[in-house]
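Input: a single structure, listed below in C-alpha cells.
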Amino acid sequence: MSRLIVISNRVSAPTADQPGAQGGLAVALTAALREADGIWFGWSGKTGETSGLKFKTCDGVTSATIDLPEQDVNEYYDGYANRTLWPLFHYRLGLTEFERDFQGGYERVNRLFGEVIGPHIQPDDLIWIQDYHMIPLGWVLRQRGLTNRLGFFLHIPWPPTRLLTALPEHRRLVEALFAYDVVGFQTREWLETFHDYVINQMDGSIGEDGRITVGGRTIRAIACPIGIDAQEFIASANSQQAIATYDRMVESSIGRSLIVGVDRLDYSKGLEERFNGYQRYLETRPNAHANVFLLQIAPPSRAAVQSYQDIRAQLDALSGRINGAFADIDWVPLRYVNQGYPRDVLAGVYRAARIGLVTPLRDGMNLVAKEYVAAQDPENPGVLILSRFAGAAAQLDNALLVNPYSPDDIADAIERALAMSREERVARWTTMFENVRDEDVIWWRKRFTACLMNA
Ligand code: ADQ
C-alpha cells in the first residue's frame, strides 16, 4: 500500500498537548495518515529563521512542520494568500491587492516547501496538496523530478474567467495546476468555471470522466464536495457539554426563538449583509420583535490584514446600532460574540436554535451549514437558511435558499422559517441530514484518494 503524504499551509495533526485532532478535515486526514503510515507537512504557524523540518509523531500520525521568516509570512501568507488570492477567488476584486512582492514571496515559499519536503518523498507515495496557499507546489515537485501521483484540492471557489484574468500571473498559476494528476473542486459550479478558463484561455479540451487536455498534458478535474465528520458531530450534539449548553440557551431564551450564526470573522461570510437582513426583519415586523433574538458567534481571523480590521470595526458599529435602535429594557435583539467555542458547545447552541442563518456572499462549501443540520433533534429540527452562493447549497437544496445580498430575502426567510410547521421542518431536514451523514468527510477523502490512485 502506498504511503499518503498530505501537504497544507497549516497542519492540524494531533500533538502531545492536543492529542485529539480538531475539526472534520483534521479528523479525516489524520485517520487516512494513520492507515497509510503517512506524513502531514506544512508551516508551523511560527515566525522565525527557517531551521528545517521538525518531525513529531503522536497517536500514530507523523507531522513535519517548518517555521517561516517574517518576510515570507508577510508576503506569502498575509500577502498573496490572504490579500490577493482569497479576495479574488471570493469575487472581491475591489479588496484584491496586486503586489509583485506578494507573488514573489508565494513562489519562494512554495519552492522552499518543495526543497525541504522533496527529500522525504518515496517513489510510490501518493501526494495530496491542499488549498490555494500551495497551488504551485506540485509544479515545484515535478521540477525536482518527482513522478509520483499528485493531487490538489481547492477548498475555496474557483473564480469566473473574467475575474481571474485580472491577476497579472493568472496563466502561470493555472498552468501550475497541470502538474497534478487530479484537481478537486468543491462543486460542479467551480469545476465548470475552471473548464471555462481552460477552454477559453488555454485552448484546452474537456473529455470523458473529467479529463482535461491542454497541449500534450491530460489531467483529471473533479467535483468532490467536502463533508463534516458526521458521526463525531452527532455524538458531540448528544454529549454532556452539548446538553448543558442547550439547557443554558433555552433558559436564557425565555421562550424566544434563537437564530444562530457561527462564522470566522471574514468578509466572505456576509455578516454585515446578514445583520442588515435581520434589521430589515425587525423594522418590517414590529409585532414579532420580542419573539426572537440573533446570536452571532464570530471569532476574529487574519487580524494582520487591513480588510479584516475594517470588517470587524464595521460589525462592531452595526451591532451597536441595531441594539441601540431596537433593544428594550428586557430584550436585546442581537448578541454578538467574538470568541471561539469547543465543538460540543457549538453543537448545543445549534440544537437550541430554531434557525441556522448561514449567508456567505461566496463560500467554497461552508461546513457550519452541515454542522447545524447534524446537530438537530430529528423529532423537532430547526430550519437552515442558506445562501445560494455557498457551495453547500448544491447538496442542501432543502434549506431555505436566499440571496445574501438582499435584506428583504433574508427577512422573508426568517419569517417563513419561524412559521414553518413541524411536518415541513422534519421533511426538509431529513433529506439534508441524509446527505450530511452519507457524504461526510470520510466519503470525501476516500473518493478523492481513489480517484488519485486510478489517475
Ligand atoms: P472556512 O472559511 O474556515 O473554511 P467553514 O467551512 O464554515 O469555513 O468552516 C469553519 C469551521 O470553523 C467550522 O467547522 C466551524 O464550526 C468552525 N468555527 C467557526 N466559528 C467558530 C467558533 N466561534 N468557535 C469554534 N469553531 C468555530 C474553508 C472554506 C470553506 C470550506 C472549508 C472546508 O472557506 O468554504 O467549507 O474550508 O473545505
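Here residue 1 and residue 200 are evaluated by their C-beta separation; at R0 = 41 Å the FRET efficiency comes out at 0.50. On the beta carbon distance between residue 380 and residue 338, with R0 = 30 Å, the FRET formula returns roughly 0.50.
Compared with the alpha-carbon gap, the fully stretched path from residue 124 to residue 313 is longer by 63.0 nm at 0.36 nm per residue.
Roughly speaking, what is the stretch gain from residue 450 to residue 287, that is 0.36 nm per residue apart minus the C-alpha to C-alpha distance, in nm to one decimal? This chain segment gains 53.2 nm when fully extended.
Could you compute the FRET efficiency for residue 408 and residue 188, with r as their C-beta to C-beta distance and R0 at 30 Å, rounded to 0.05? Between residue 408 and residue 188 the formula returns 0.55. Partner aspartates and glutamates whose Cα lies under 20 Å from the Cα of residue 56, excluding those fewer than 8 positions away in the same chain, are identified as 17, 35, 37, 67, 115, 125. The length gained on full extension between residue 272 and residue 115, counted as 0.36 nm times the residue separation minus their Cα-Cα distance, comes to 52.3 nm. Here the contact order of segment 354-455, divided by its residue count and restricted to Cα pairs under 8 Å and six or more residues apart, works out to 28 percent.
Would you calculate, for the chain, the mean residue ellipticity at 222 nm contributed by helices, counting each DSSP H stretch of 4 or more residues as -39,500 (n - 2.57) and dividing by all residues, to the nearest 500?
-12500 deg cm²/dmol
In this structure, the residue pairs whose Cα-Cα separation is over 29 Å, taken from 54/370; 370/446; 46/446, are 54/370; 46/446. Net charge in the neighbourhood of residue 294 (other residues with Cβ under 13 Å of its Cβ; Lys, Arg +1, Asp, Glu -1) is +4. Packing order of peptides 291-301, 75-85, 256-266, highest average first: 75-85, 256-266, 291-301 (average count of other Cβ atoms within 10 Å over each peptide's residues). Taking other residues whose beta carbon is less than 14 angstrom from the beta carbon of residue 51, and scoring Lys, Arg as +1 and Asp, Glu as -1, yields -2.
None of the figures in this text is laboratory data; all of them are computed from the coordinates on show. Treat the numbers as computed from the prediction; the structure is a model and nothing was measured. Glycine gets a Cβ as well: all are built from the backbone with ideal geometry, and neighbour counts include every protein chain shown.
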